[in-house]
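The next block holds one structure in the form of structure tokens; read it before the comments.
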Amino acid sequence: MEKRYYETLQETLYYEKLANGLQVYLLPKDEYNKTFATFSTHYGSVDNHFVPLESNQAIRVPDGVAHFLEHKMFESPTGDVFQDFAKHGASANAFTSHDVTSYLFSCTSELETNLGLLLDFVQDPYFTSENVEKEKGIIGQEINMYEDNPDWRLYQKTLEQLYPQHPVGIDIAGTIDTISEITAETLYTCYHTFYHPNNMLLFVIGNFDVEQLIELIRENQTSKTFAEPTAINRTVVKDMTKPNGKAMTLTMDVSMPKVMVGIKNHNVYDLNPRVQLKNEVAYDFMLDCLFGASSINYDMLMEKGLINDSFGYSQTNDPGIGYTLMSSDTMNPEALVEALQTIVADFRPDQITTELVERFKRKNMGQFIRSLNSVEFIANQFTRYAFNGMNIFDVIELMNEVTTDDVVHAFENFAQLQNWAITYVKPTQK
């Protein structure tokens, strides 16, 4: 087992890659009462076109399969796995994103029992024609629920405009029509392709004995039989399209209009993971410079009544996927969009000064270090970074490395208005 010490953060991480390919990371925190574990596969909604194991022919599976599979994993021949965790004092859950499916639990006791449960149920699928058909109704209700959620619709329609040729623009849950095509055979095909230990990562953080826990994990995995580790042949899509320049408007039952602006970043392909992570940090600094709560632009938008406390921004910078989202509830959404575009058009790169970058560098470092007090944050972010060839504990070091020129370069990508997509949600006329 490899031991890695990060002096800046005073964290000690243990790592071992098992014979079956499973990557295991253990982060002991003796001062914590709670332990949090995630068992994740590098598989999400965008993986809808791939070559199954023991085949040489690519297939296209229905949209929503990864999410559907996550739901079905909690059902076993003996009942509901959630109940098994509850019997041992653990709270379990799962989520599916565009590129990761993760199963998790937290507990303050019976860690070894609960960890065994986690490993066993994720590695023992149980799909039948009957339980798949039953699940279609349940997930169909979930899809309809999100269709009635204005914030979700705003987000999804913006992604659709940004990525018309990439599966990231497709709803993670799929649609009623696409999930109707899913069969038990579909689920087993996806499971055996993407749920091999060689494509998975186990992360445990909390109060435990490292040697005892790694031995439990080794014994659990050696007691099972898996196919030989094989590289997964995924279809990689490069969507270099630009939004069509036409805003999309939805009418829904809202009391105040909503608007979201999405900005597509094309500079996300074939990057070294460290460069990619550094770009992500530089984008965060750039957004804070332009729209942070302490910026003059934020004050101006507030004073004009164009935004309220709902205003926010975020960015995603993953391999092949890069975009920034800004959104707010506002009584004058068109005027807000015009103001945002004017801010960007009038902004000069020389306004991004070394002093300004250093100020936001300190602010972001402080926020990041505070986030490391959360075992959930560390576990989920560690997995996301690791699957992309990065390390969450390198973030502070990279923040220190970001220069004014890096932030200016991020702005130059951001400022290309032809890469902007706009979505409105407006009240239904009565």
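The values are calculated or read from the model by the stated rules, or taken from the named source; none is laboratory data. Computed from a predicted model, the values in this text were never measured in an experiment. All Cβ positions, glycine included, derive from the backbone under ideal geometry; neighbour counts span all protein chains shown.
Of all residues in segment 293-318, those that are more than 12 Å from Ala339 (Cα to Cα) and either polar (S, T, N, Q) or surrounded by 14 or more Cβ atoms within 10 Å (Cβ to Cβ) (or both) total 11. With respect to the stated conditions, Ala282 is assigned to a helix (DSSP H, G or I), under 23 Å from the mean Cα position of the chain (by Cα) and not polar (S, T, N, Q). For segment 328-348, the criterion of being of a type in the set (Phe, Trp, Tyr) and either over 18 Å from Gln156 (Cα atoms) or not in a strand (DSSP E or B) (or both) is met by at least one residue. For the condition among the aliphatic types (A, V, I, L, M), outside any loop (DSSP other than H, G, I, E, B) and under 20 Å from Val395 (Cβ atoms), Leu27 qualifies. On the basis of being buried (at least 17 other Cβ atoms within 10 Å of the Cβ), closer than 26 Å to His67 by Cα and either at pLDDT 95 or above or polar (S, T, N, Q) (or both), does Asn199 make the cut? Here the answer is yes, as Asn199 does meet what is asked. If you go through segment 240-268 and keep only what is closer than 16 Å to Gln156 by Cβ and either of a type outside the set (A, V, I, L, M, F, W, C) or exposed (fewer than 14 other Cβ atoms within 10 Å of the Cβ) (or both), you end up with Pro243, Thr249, Thr251, Lys258, Gly262, Lys264. For the structure I just gave you, tell me whether Ala227 is surrounded by fewer than 18 Cβ atoms within 10 Å (Cβ to Cβ) and free of Cβ contacts under 8 Å to residues at least 60 places away in the same chain. It is false that Ala227 is surrounded by fewer than 18 Cβ atoms within 10 Å (Cβ to Cβ) and free of Cβ contacts under 8 Å to residues at least 60 places away in the same chain.
Check segment 42-50 and report whether any residue there is modelled with pLDDT of 95 or more, under 24 Å from Gly116 (Cα atoms) and in contact with a Phe, Trp or Tyr (Cβ under 6 Å, 6 or more places away or on another chain). Yes, because at least one residue in segment 42-50 is modelled with pLDDT of 95 or more, under 24 Å from Gly116 (Cα atoms) and in contact with a Phe, Trp or Tyr (Cβ under 6 Å, 6 or more places away or on another chain). Taken over segment 56-78, the criterion of being of a type in the set (A, V, I, L, M), surrounded by fewer than 20 Cβ atoms within 10 Å (Cβ to Cβ) and within 15 Å of Glu185 (Cα to Cα) is satisfied by Ile59 alone.
When you scan segment 120-141, do you find a residue that is free of Cβ contacts under 8 Å to residues at least 12 places away in the same chain, among the polar types (S, T, N, Q) and in a helix (DSSP H, G or I), even just one? Looking through segment 120-141, at least one residue is free of Cβ contacts under 8 Å to residues at least 12 places away in the same chain, among the polar types (S, T, N, Q) and in a helix (DSSP H, G or I). Among the residues of segment 30-55, those that are outside any strand (DSSP E or B), among the small types (Gly, Ala, Ser) and buried (at least 19 other Cβ atoms within 10 Å of the Cβ) comprise Gly44, Ser45.
Scoring Leu53 on the criteria (1) at pLDDT 95 or above; (2) farther than 28 Å from Gln156 by Cβ leaves a single failure, condition (1).
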